[in-house]
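The values are calculated or read from the model by the stated rules, or taken from the named source; none is laboratory data. This one's a predicted model, so the numbers in the text were calculated from it and none came from an experiment. Note: ideal-geometry Cβ built from the backbone for every residue, glycine included; neighbour counts use all protein chains shown.
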Amino acid sequence: MELWDTTRQALVLLGTGDPELWQIVGVSLRVSLSALLLITAPAIAAGFVLAHVAFPGRRALVVLVQGLLSLPTVVVGLVLYMLLSRQGPLGDWHLLFTQKAMILGQMMLALPVLTAYTVTAVQGADARVFETAVSLGAGGFRAALSTLWEVRFGVMAAVFTGFGRIISEIGCSLMVGGNIAGLTRNMPTAIALETSKGQFAQGVALGIVLLILALGVNVALAALQGQGGMRKAWQP
Amino acid sequence: MFSHATKGVKSGAVGLLLAIAAGLGAAPAPAEPDLRLATTTSTDNSGLLGVLLPKFEAKSGIKVRVIAVGTGKALKLGENGDVDVVLVHSRPDEDRFVAAGFGVNRRDVMYNDFVIVGPAADPAGIRGMQDALGAFRRIAQTGAAFVSRGDDSGTHKLELACWRALGIRPETNPGYRSAGRGMGEVLLMAAELNAYTLTDRATQRALAKKTGLTILVGGDPRLFNPYGIIAVNPQRHADVNFRGAMALVDWITSPEGQQAIADFKVDGEQLFFPDAQK
């Protein structure tokens, strides 16, 4: 009964374009997309190097990156908080309780996801792609791009999985963002706050948006992977 | 959820001794039934009850069982006759409780107070102001940073009431931050942001060393947080211990009880101010 009422109120909030609600959605998207935009290139480059270049300690590094996949968000938040606090080594930057701090935290969380998935994708690529590119006169960078293009669906899966990880995380955002209204309040921290106030409608409405985003990302991913699979299947 | 009133090892030991003494002593009269008191977490967590109730128990021979919950829940327990007496701090709710016939003989007991804290540099220049509203106005006018609880708590409601009284919409101050978090987190955030905030004295005292925030404005009656004690109406619930409830009401508002409240100090600072004599 109450569940239904709350859900109905939530839908009304969504339908009427409640400005506060969409502002919160905006903060979430701005922060997570910025983090993803900034970290994607370096993370994929790191993944390629780890998968393709032999150097001492490489295996240990791969294991480390894969281990960091389960990095607790609150630990990232705690470390970042201590670094950015006024007493911390980076206190002069005055970044604590800003969107920039949240972006930094989400970059740290997305990095191992993107890197580990890229490693797997590149390792699964046909090594001859790189060699062929080199023999055709391509430099190392161009040859690497050719390989990454070959496994682009795997790399995309890495990016989408990274997005899924950071758009829904709350621990780090709450600690270094501070859940400040209109500034650093994103969907997960707002849901936690509304629930603690006993105002479930706004929480449910944001939950619906979050679910749609997560589902949408997964559907897009499935569609892309389906396409990739088809291509491979047709190749002799 | 009936926890014994006395908290901590020391007061626990005192309670135990009292219990043994009561058990050993050849009680002439039939044993008094236990008294059930519903109160707020603030009175219990601060250690105040651990000091007050043993004194009352020694004097009256009535054992008090404390249920520490929020004010709303405490009044609900009284309404249902699950407790005999309530000690809470929300005057409008208390008046409604009495008006509805759930409780009788409401008495003022004490108050604790809220203070405006901020960075020692005090950019808005409010240090030592007697008038809390004036301090709030100056903070808004200078555009100084201010962190609000923003979580619908009692503290948040008090802050909003101040802005309302001034006719100021706090969101229009570019330095205003609505955090939606607990008192401790808001104090830490205010320290990080060099901001002002409104806090209860006890939490400020607990965190002052960590935050470096100092009390700039305090003592304005507007920032007082009064506690009242109400006996549950025996005409609604015949089985409540009304005699015991009135014994506690009378004792806590007596000069002896009031002195005990004034004498209760944490780290040398008085947290509750008796105000039963009016």
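Miscellaneous remarks
- Odd one out for B:A276, checked against (1) in contact (Cβ under 8 Å) with a residue 40 or more places away in the chain; (2) assigned to a loop (DSSP other than H, G, I, E, B); (3) of a type in the set (A, V, I, L, M, F, W, C); (4) farther than 22 Å from B:S46 by Cβ: (4)
- Test: residue in the range A:5-12 that is surrounded by 15 or more Cβ atoms within 10 Å (Cβ to Cβ) and either free of Cβ contacts under 8 Å to residues at least 60 places away in the same chain or within 14 Å of chain B (Cβ to nearest Cβ) (or both): no
- Listed by first and then second residue, the pairs linking a residue in the range A:70-97 that is closer than 18 Å to A:L183 by Cα and within 13 Å of chain B (Cβ to nearest Cβ) to a residue that is among the acidic types (D, E) and part of a loop (DSSP other than H, G, I, E, B), with Cβ atoms under 7 Å apart and 6 or more places separating them unless they lie on different chains, form an empty list.
- Verdict on B:A100 being away from every other protein chain (no Cβ under 14 Å) and surrounded by 18 or more Cβ atoms within 10 Å (Cβ to Cβ): no
- Residue ID - modelled with the lowest pLDDT, chosen from residues in the range B:224-278 that are within 21 Å of B:A100 (Cβ to Cβ) and aromatic (F, W, Y): B:Y227
- Every condition in (1) in a strand (DSSP E or B); (2) within 14 Å of another protein chain (Cβ to nearest Cβ) holds for B:R107 except the one numbered (2).
- Among the candidates A:L193, A:L221, the residue that is assigned to a helix (DSSP H, G or I), of a type outside the set (S, T, N, Q), crowded, with 19+ Cβ neighbours inside 10 Å and at pLDDT below 90 is uniquely A:L193.
- The requirement of being of a type in the set (G, A, S), more than 21 Å from B:D263 (Cβ to Cβ) and at pLDDT below 55 is fulfilled nowhere in the range B:36-57; no residue meets it.
- Scanning the range B:218-228 finds no residues that are within 14 Å of chain A (Cβ to nearest Cβ), of a type outside the set (D, E, K, R), touching a strand residue (DSSP E or B) at 6+ places or on another chain (Cβ under 9 Å) and touching a residue at least 40 places away in the same chain (Cβ under 8 Å).
- All positions within the range A:175-207 that are of a type in the set (G, A, S), more than 8 Å from chain B (Cβ to nearest Cβ), over 17 Å from A:W22 (Cβ atoms) and touching a residue at least 40 places away in the same chain (Cβ under 8 Å): A:G177
- Selection over the range A:146-174 of residues that are crowded, with 20+ Cβ neighbours inside 10 Å and within 14 Å of another protein chain (Cβ to nearest Cβ) gives a count of 2.
- Residue check, B:D151 in contact (Cβ under 8 Å) with a residue 24 or more places away in the chain and within 21 Å of the chain's Cα centre (by Cα): yes
- None of A:A138, A:A143 is farther than 18 Å from A:T73 by Cα, away from chain B (no Cβ under 14 Å) and in a helix (DSSP H, G or I) except A:A143.
- The numbered conditions (1) in contact with a Phe, Trp or Tyr (Cβ under 7 Å, 6 or more places away or on another chain); (2) within 14 Å of another protein chain (Cβ to nearest Cβ) are all true for B:H156 except (1).
- Beta carbons closer than 8 Å, at least 6 apart along the sequence or on distinct chains, pair a first residue in the range A:211-236 that is over 16 Å from A:A158 (Cβ atoms) with a second that is of a type in the set (A, V, I, L, M) and modelled with pLDDT of 55 or more for A:L213/A:I167; A:A214/A:I167.
- Here B:I168 meets each of (1) free of Cβ contacts under 8 Å to residues at least 60 places away in the same chain; (2) within 22 Å of A:L174 (Cβ to Cβ); (3) not in a helix (DSSP H, G or I) with one exception, condition (2).
- Only one of the listed residues (B:G128, B:G180, B:G184) is touching a Ser or Thr at 6+ places or on another chain (Cβ under 9 Å) and more than 12 Å from chain A (Cβ to nearest Cβ). That residue is B:G184.
- Qualifying residues in the range B:189-199 (those that are within 9 Å of chain A (Cβ to nearest Cβ) and outside any loop (DSSP other than H, G, I, E, B)) - the one nearest to A:I180 (Cα to Cα): B:M189
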